[in-house]
Structure formats: structure tokens, C-alpha cells
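Down below is the structure, laid out as C-alpha cells.
The values are calculated or read from the model by the stated rules, or taken from the named source; none is laboratory data. If you're wondering where the values come from, they're calculated on a predicted model, not measured in any experiment. Positions of Cβ are generated from backbone atoms using ideal geometry, with glycine treated the same way; all protein chains shown enter the neighbour counts. These accessible areas exclude ligands, DNA and RNA; they are computed on the full protein's heavy atoms, side chains included. Shrake-Rupley method; radii C 1.70, N 1.55, O 1.52, S 1.80 Å.
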Amino acid sequence: MTELRSLRREETEFKKAGARLVAISAQFVEENRKLAIANDFAFPILSDFDLKVIGKLGMVHEHAAPNGTSAAKPATYVVDRRGKVRWIYASNTIRNRPDPKDILAAVQQAK
């Protein structure tokens, strides 16, 4: 969630660069809705609670959650207007996240 808050602080800069922020979470829709409201996120948080999309992206930790279930790996994608992935930041650890300035630089280079 810290990453989403950091992105929210930079949202104006992303808009100036022509980008739109969208988050995908492995949480349920209601949890994401509460998170968005509590943190005043203007960007959508899509729910992928069954890890179908996250799995297609190869971003699933098998049996990594404390209860032995699978969990999403943290990742950030920059996708251009044609749907081409232009930049990926992926991590195997939940604490390792990209700096929003680095994401913004990737967005600006993708133009």
C-alpha cells in the first residue's frame, strides 16, 4: 500500500506525462474499494483475487502466503497506448518496490 500512496502523490506528474495509473490487487473487490476510499486514490484498483491475470503475467508466488496459499509478486508495468509493455519492475520480495520517479521516467521514455 505504501507504493500506491507514493504513486498517488505523483499522480499529477503521471497525468502531465499522458499516463493513467491502474492498480491490480489480489484482494477482493470490497477490500480494494475500502482501500481506495480510505486513501483517497483517484485511480482504479482492479481485483484479481483468483490470480488469473497475475498468473498470466507470471507474477505468482506459489504457496508463499502465511496460510500456504499463493500470493502475488509485486510488479509494476508501463504499457504504451498500443498495449505494448515498455518497462517492467518485478520483485520476489514484498518490500522491494520501484521509486515513483523511476516509473515516471519509464513512462516518459515510452512516449
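Side notes on the structure shown:
- Taking each residue of segment 46-62 that is more than 21 Å from residue 4 (Cβ to Cβ) and looking for partners that are surrounded by fewer than 17 Cβ atoms within 10 Å (Cβ to Cβ) with beta-carbon atoms closer than 6 Å, six or more apart or interchain, yields 62/70.
- Selected residue (criterion: modelled with the lowest pLDDT) from residues of segment 27-47 that are among the small types (Gly, Ala, Ser) and exposed (fewer than 12 other Cβ atoms within 10 Å of the Cβ): 42
- In the set (1) buried (at least 17 other Cβ atoms within 10 Å of the Cβ); (2) in a strand (DSSP E or B); (3) in contact with a Ser or Thr (Cβ under 6 Å, 6 or more places away or on another chain), the condition left unmet by residue 89 is number (1).
- Consider segment 7-25 and keep the residues that are over 16 Å from the mean Cα position of the chain (by Cα) and touching a residue at least 40 places away in the same chain (Cβ under 8 Å). The one that is most open to solvent (accessible area, probe 1.4 Å) is 13.
- Single residue of segment 60-78 satisfying the filter (open to solvent by less than 100 Å² (accessible area, probe 1.4 Å) and more than 12 Å from the chain's Cα centre (by Cα)) that is modelled with the lowest pLDDT: 64
- Positions within segment 36-58 being in contact with a strand residue (DSSP E or B) (Cβ under 6 Å, 6 or more places away or on another chain) and among the β-branched types (Val, Ile, Thr), in sequence order: 45, 54
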